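Have a look at the structure below, then the notes.
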Amino acid sequence: MAEEAKKLAAYAAVDNHVQVRKEGGGRLRVDSFFSARFFCNRLIFSHLLLFQARQLILQHGLTLSDLDRHPELDVAIDGADEVDADLTLIKGGGGCLTQEKIVAGCAKHFVVIADFRKDSKALGQQWKKGVPIEVIPMAYVPISRTIAKRFGGEANLRMAVSKAGPVVTDNSNFILDWKFECAQKWKEVNTAIKMIPGVVETGLFVGMAERAYFGMEDGSVQVRDPPVN
């Protein structure tokens, strides 16, 4: 059911945000670990992908690019581990938070697709694994202590499942998962954590997404826009 819900959300996002041009001039980024096959069934288009989806895209005869050649994207369509009522996201469950945030920041439009399990009024209601934080390996202990002291909760080193030792990101860094205790002022917290020496990036995406599509259990798709302040 969740897979079908993801597909419905993905199709709705593509239909509403992708204009297929005959000359193939548009540039789209699809999340590397978030069911890229749904897009391949929907698009004949020019794509920008992270490493995990390379083979899938090439098998479908689509054009693979990178930010060196196309530093500005028309739209980035991505998944999320959790989305709150303000369209603040937690991302990084798969370990690619830094690269995902870079790409989202290069896009004119950043759109989120998710299934009903990722929808929350407040962060932490659905996603219980904490906020991923990518850090320089030598600094993970002092960073963990600083985050716990300043913001509460605990920040634990993410360990690999199928091999010994910690998870290592595509950037050769470690990931801390910060399990926070209560609601936070996420914009302020995100900025403060990024200022800690040794922090590379956080999995908090604040004020970046312009719309979210949720595939629901009943086969419908719900759309959420940021609140009007």
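Dipole check for segment 122-209: with +1 at the C-beta of Lys and Arg, -1 at the C-beta of Asp and Glu, and the Cα centre as origin, the magnitude is about 180 Debye.
Per residue, segment 125-229 exposes an accessible area of 58 Å² to a 1.4 Å probe, with every protein chain left in place.
Using heavy atoms of the protein chains and a probe of 1.4 Å, the accessible area assigned to residue 177 is about 20 Å². Computed over protein heavy atoms with a 1.4 angstrom probe, the accessible surface ordering of 182, 96, largest first, is 182, 96.
Surface composition of segment 107-154: carbon plus sulfur atoms contribute 54% of the solvent-accessible area (1.4 Å probe, protein chains only, all chains present). Projecting the Cα atoms of 103, 65, 80 onto the charge dipole of segment 63-110, computed from C-beta unit charges around the Cα centre, puts 65 farthest toward the positive end.
Once you've got the Cα coordinates, tell me which of 7/179; 6/179; 7/194; 163/187; 118/185; 6/194 are over 24 Å apart. Among 7/179; 6/179; 7/194; 163/187; 118/185; 6/194, the Cα-Cα distance tops 24 Å for 7/179; 6/179; 7/194; 163/187; 6/194. Ligands, DNA and RNA aside, residue 102 has an accessible area near 90 Å² when probed at 1.4 Å. Rg over Rh for segment 178-229 works out to 1.10, using Cα positions for both radii and the Kirkwood form for Rh.
The values are calculated or read from the model by the stated rules, or taken from the named source; none is laboratory data. Note that this is a predicted model, so its numbers are computed, not measured. Using ideal geometry, Cβ is built from the backbone for each residue, glycine included, and neighbour counts are taken over all protein chains shown. What goes into the accessible areas is simple: the full protein's heavy atoms, side chains included, and nothing from ligands, DNA or RNA. Shrake-Rupley method; radii C 1.70, N 1.55, O 1.52, S 1.80 Å.
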